[in-house]
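The structure under discussion appears below in the form of structure tokens.
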Amino acid sequence: MITVQEIGGFDQDTNAGFVRRIRLLRKRDVISVMDPIRFPGYGPMYEIPFSGLIVKEGAQGFTFSLPPKTIRFSESEFENEQGLAFDTSFSFEVPKPTTSLLHWLLTHQHQDWVVLWEDYNDVAWISGNEEFGLRLQRSRTASGQNILLVAIQGSFSFPSFKITGFELQELFPQGQFSYHFGLHFNT
């Protein structure tokens, strides 16, 4: 006799694409990311609680001011000599880049970053940790348009982790949306 098990289904919530917000933290400012791969039993697989991210006091975060639905995220899984590995990448195009943006990228391109990000499904994620960070890469084209392509990439032995138990306003305090509840028509 053969038994069949149904996986997934179409009763799921709607699914929006792209990255809504992104925040870069210098890897040297991140004290610890208590992920369940290095710390088994700390939490569910591929999830970390917000309290599992420990950052130095006064650490500076950087964010990009971009039009909505500009930042793309991809993560692919592969095997290498050490076992399972993940290529993690964020990319976005900046039309007609400003001098200040180019200066910031040149100044910070050789640093390693831990990336906190939120998707359009209101889920927060973290990519990288205190040991392994992502690097900025840039390329320019001036053909049909003058575009700066920015990529933030890294290869890890672990995937990006979902951050649970957070307040959006605490994780992204300068977000463009209000998360307060109210009974007014415009709330």
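The values are calculated or read from the model by the stated rules, or taken from the named source; none is laboratory data. Please read all numbers here as calculations on a predicted model, not as lab measurements. Neighbour counts are summed over all protein chains in view; Cβ atoms, including those assigned to glycine, are modelled from backbone coordinates with ideal geometry.
Things worth noting here:
- Test: residue in the stretch 47-54 that is under 17 Å from Phe156 (Cβ atoms), among the aromatic types (Phe, Trp, Tyr) and in contact with a strand residue (DSSP E or B) (Cβ under 6 Å, 6 or more places away or on another chain): no
- With a requirement of 3 or more residues that are in contact (Cβ under 8 Å) with a residue 40 or more places away in the chain and either more than 14 Å from the chain's Cα centre (by Cα) or exposed (fewer than 12 other Cβ atoms within 10 Å of the Cβ) (or both), the strands (runs of 3 or more DSSP E) lying completely within the stretch 50-147 that satisfy it span 83-95.
- Whichever residue in the stretch 140-156 is modelled with pLDDT of 90 or more and small (Gly, Ala, Ser) and, among such residues, is nearest to Glu81 (Cα to Cα): Ser155
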